[in-house]
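Below is one structure, written out as structure tokens; comments come after it.
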Amino acid sequence: MRQRVSQEETSVALYWDFENLHASLAEARQEGAYSKQDNRFKVQEPLIDVQAVVELAASFGPIAINRAYCNWQYFSRYRDALLQSAVELIQLFPPGGSAKNGADIKLCLDAMEDLGRFSHIGTVIIVG
């Protein structure tokens with residue numbers, strides 16, 4: 001039988017659909033430029049303040065899971081920020097010729113599995 005922990009002892013699970021978040025910021029700043037293949041399939045300039053997101057998540061409690069999903073080959077310039085924030089990187093290659101990597105599905109499945117396994121998770125934050 002699974003024992004519930006008190007509200008004061010719960011932790012935070014933070015999940016990032018990293019490429020989707022980056023794409024949204026790029027679209028907002030560059031008026032649709034990210035959706036063009038010439039812009040999408042190249043090394044990306046950092047737009048996300050990783051530390052600010054982690055600090056906001058930590059305001060809800062200690063972070064137990066900090067996991068980001070992406071095809072990381074174009075996001076190497078985020079390396080230092082992700083390492084400093086102890087983000088676990090999940091590599092997702094797009095199947096076939098599609099640019100979609102299925103991060104949303106993998107993220108959802110992992111979050112559901114984690115909630116079933118870890119009773120101390122009281123807050124789930126999905127950034128995307």
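The values are calculated or read from the model by the stated rules, or taken from the named source; none is laboratory data. Predicted model, so just to flag it, every value in this text is computed and none were measured. No Cβ is skipped: glycine too gets one built from the backbone with ideal geometry, and neighbour counts run over all protein chains shown.
The number of residues in segment 26-74 being crowded, with 17+ Cβ neighbours inside 10 Å, closer than 25 Å to Thr10 by Cα and not basic (Lys, Arg) comes to 10.
Residue by residue through segment 23-60, note down the ones that are of a type in the set (Lys, Arg) and closer than 26 Å to Glu88 by Cα. Spell out how you get there, then give the answer.
Initially, segment 23-60 is screened for residues of a type in the set (Lys, Arg), giving 29, 36, 40, 42.
Residues satisfying the conditions are Arg40, Lys42.
Quick grid of which residues meet (1) under 14 Å from the mean Cα position of the chain (by Cα); (2) at pLDDT 90 or above; (3) at positive phi:
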{"site": "Trp16", "(1), (2), (3)": "yes, yes, no"}
{"site": "Glu31", "(1), (2), (3)": "no, no, yes"}
{"site": "Glu45", "(1), (2), (3)": "no, yes, no"}
{"site": "Asn66", "(1), (2), (3)": "yes, yes, no"}
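Selection of first residues in segment 100-120 that are part of a helix (DSSP H, G or I) and of second residues that are among the hydroxyl-bearing types (Ser, Thr, Tyr), restricted to Cβ pairs under 6 Å at least 6 apart or on distinct chains, gives the following pairs, ordered by first then second residue: Ala103/Tyr69; Lys106/Tyr69; Leu107/Tyr15; Leu107/Tyr69; Ala111/Tyr15.
Could you grab me the full set of residues in segment 49-68 that are closer than 19 Å to Gly122 by Cβ and part of a strand (DSSP E or B)? Working first, answer last.
Step one: filter segment 49-68 for residues closer than 19 Å to Gly122 by Cβ, giving 53-67.
Correct list: Ile63, Ala64, Ile65, Asn66, Arg67.
Among the numbered conditions (1) in contact with a Ser or Thr (Cβ under 8 Å, 6 or more places away or on another chain); (2) within 16 Å of Asn71 (Cα to Cα); (3) modelled with pLDDT under 75, the only one that Ser35 does not meet is (1). On the stretch given as segment 72-92, residues that are in a strand (DSSP E or B) and closer than 16 Å to Val127 by Cα total 3.
Looking at Ser6, is it at pLDDT 95 or above and either among the hydroxyl-bearing types (Ser, Thr, Tyr) or surrounded by fewer than 12 Cβ atoms within 10 Å (Cβ to Cβ) (or both)? Spelling it out, it is not the case that Ser6 is at pLDDT 95 or above and either among the hydroxyl-bearing types (Ser, Thr, Tyr) or surrounded by fewer than 12 Cβ atoms within 10 Å (Cβ to Cβ) (or both).
Condition test on Tyr15, is it hydroxyl-bearing (Ser, Thr, Tyr), in contact with an Asp or Glu (Cβ under 8 Å, 6 or more places away or on another chain), buried (at least 19 other Cβ atoms within 10 Å of the Cβ) and farther than 19 Å from Ser85 by Cβ? Can you show your working first?
Working: hydroxyl-bearing (Ser, Thr, Tyr): yes; in contact with an Asp or Glu (Cβ under 8 Å, 6 or more places away or on another chain): yes; buried (at least 19 other Cβ atoms within 10 Å of the Cβ): yes; farther than 19 Å from Ser85 by Cβ: no.
No; evaluated as a whole, the condition is false for this residue.
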